[in-house]
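Asker: Handing you this structure, nothing more for now.
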Amino acid sequence: MIKVGDRIPNVTLQQKTAEGIQPVTTDQLFKGKKVVMFAVPGAFTPTCSMKHLPGFVEKADAIKKKGVDTIACVSVNDAFVMDAWGKDQKVGDKVVMLADGSAKFAQALGLGLDLSERGLGMRSQRYAMVVEDGVVKKLNVEEAGKFDVSSADTILGTL
């Protein structure tokens with residue numbers, strides 16, 4: 001599993017834009033920037049939709065005032081689903097919605113979560129991290145079924 005001090009592996013994620021589905025490499029996302037990235041097991045799922053994403057939308061301005069350039073949400077869903085979820089949650093430009101459709105990023109980080117027995121396939125563990133110029137500075141991974149250390153409030157308190 002990735003840890004504080006490690007460099008983020010270069011993986012291509014996807015983002016739905018007005019021009020269609022666009023590739024976003026992690027090098028593009030993190031190079032020269034301070035980024036808060038959080039991952040959820042799935043778009044439109046209860047904790048993710050009622051607490052995790054809304055917390056970062058609500059606290060986006062306060063987080064960015066702490067010197068954060070980008071707040072990004074990643075999930076093992078396709079870019080169309082992430083775009084629809086962002087619109088449903090009224091994310092606007094506060095959080096970049098990124099798709100890790102094949103779980104390559106989650107697996108590259110060592111944070112994959114196999115939920116096949118529950119009919120959900122390969123997913124990502126719930127976490128939040130602060131990355132500066134591609135290097136992990138803080139990493140908060142939730143215990144299975146929990147939502148605490150990866151919340152917007154917790155991350156804001158560590159910045």
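Asker: Taking the criterion of being aliphatic (A, V, I, L, M), under 18 Å from Met82 (Cβ atoms) and not in a helix (DSSP H, G or I), would at least one residue in region 46-63 satisfy it? Before you say what the answer is, go through the steps one by one.
Answerer: Here is the first cut: in region 46-63, the ones aliphatic (A, V, I, L, M) are 50, 53, 57, 60, 62-63.
Imposing the further condition that a residue be under 18 Å from Met82 (Cβ atoms) reduces the set to 50, 53, 57, 60.
With the extra rule that they be not in a helix (DSSP H, G or I), the set shrinks to none.
Checked against the condition, which is being aliphatic (A, V, I, L, M), under 18 Å from Met82 (Cβ atoms) and not in a helix (DSSP H, G or I), region 46-63 yields no hits at all.
Asker: Evaluate region 37-59: report whether one residue or more is at pLDDT 95 or above and of a type in the set (S, T, N, Q).
Answerer: no
Asker: Something else: Looking at region 59-71, I want the residues that are touching a residue at least 40 places away in the same chain (Cβ under 8 Å) and farther than 12 Å from Ile155 by Cβ and have a partner that is part of a loop (DSSP other than H, G, I, E, B) and not hydroxyl-bearing (Ser, Thr, Tyr) with Cβ atoms under 7 Å, at least 6 apart or on another chain. Which pairs are those?
Answerer: Listed pairs, sorted by first residue: Thr70/Lys33.
Asker: Taking Ile71, is it part of a strand (DSSP E or B), of a type in the set (A, V, I, L, M) and under 19 Å from Met129 (Cβ atoms)? First the steps, then the outcome.
Answerer: On the way: part of a strand (DSSP E or B): yes; of a type in the set (A, V, I, L, M): yes; under 19 Å from Met129 (Cβ atoms): yes.
So Ile71 passes the test.
Asker: Another question, if that's okay. Just a yes or no: is a residue in region 80-101 of a type in the set (Val, Ile, Thr), closer than 21 Å to Phe147 by Cα and part of a helix (DSSP H, G or I)?
Answerer: Within region 80-101 (the criterion being of a type in the set (Val, Ile, Thr), closer than 21 Å to Phe147 by Cα and part of a helix (DSSP H, G or I)), the answer is no, since none of the residues qualifies.
Asker: State all residues of region 111-141 that are among the small types (Gly, Ala, Ser), modelled with pLDDT under 95 and in a loop (DSSP other than H, G, I, E, B); if no residue qualifies, say none. Spell out the reasoning first.
Answerer: First, pick out the residues of region 111-141 that are among the small types (Gly, Ala, Ser): 112, 116, 119, 121, 124, 128, 134.
After this cut, where a residue has to be modelled with pLDDT under 95 as well, the list is 112, 116, 119, 121, 124.
Residue satisfying the conditions is Gly119 alone.
Asker: So Ile71 fits all but one of (1) buried (at least 17 other Cβ atoms within 10 Å of the Cβ); (2) touching a Ser or Thr at 6+ places or on another chain (Cβ under 8 Å); what number is the exception?
Answerer: Looking at each condition in turn, Ile71 falls short on (2).
Asker: Please verify whether Asp153 is within 14 Å of the chain's Cα centre (by Cα), among the acidic types (Asp, Glu) and part of a helix (DSSP H, G or I), treating the condition exactly as stated.
Answerer: no
Asker: Test Ala84 against the stated conditions and say whether it is aliphatic (A, V, I, L, M) and crowded, with 17+ Cβ neighbours inside 10 Å. Explain how you work it out, then say what you get.
Answerer: On the way: aliphatic (A, V, I, L, M): yes; crowded, with 17+ Cβ neighbours inside 10 Å: no.
Here the answer is no, as Ala84 does not meet what is asked.
Asker: Shifting gears a bit: Would you confirm whether any residue within region 15-25 is in contact with a Phe, Trp or Tyr (Cβ under 8 Å, 6 or more places away or on another chain), outside any loop (DSSP other than H, G, I, E, B) and over 18 Å from Ser102 (Cα atoms)?
Answerer: Checked against the condition, which is being in contact with a Phe, Trp or Tyr (Cβ under 8 Å, 6 or more places away or on another chain), outside any loop (DSSP other than H, G, I, E, B) and over 18 Å from Ser102 (Cα atoms), region 15-25 yields no hits at all.
The values are calculated or read from the model by the stated rules, or taken from the named source; none is laboratory data. As the structure is a computational prediction, the values presented were derived from the model and not from experiment. Reconstructed Cβ throughout: ideal geometry from the backbone, glycine too, with neighbour counts over all protein chains shown.
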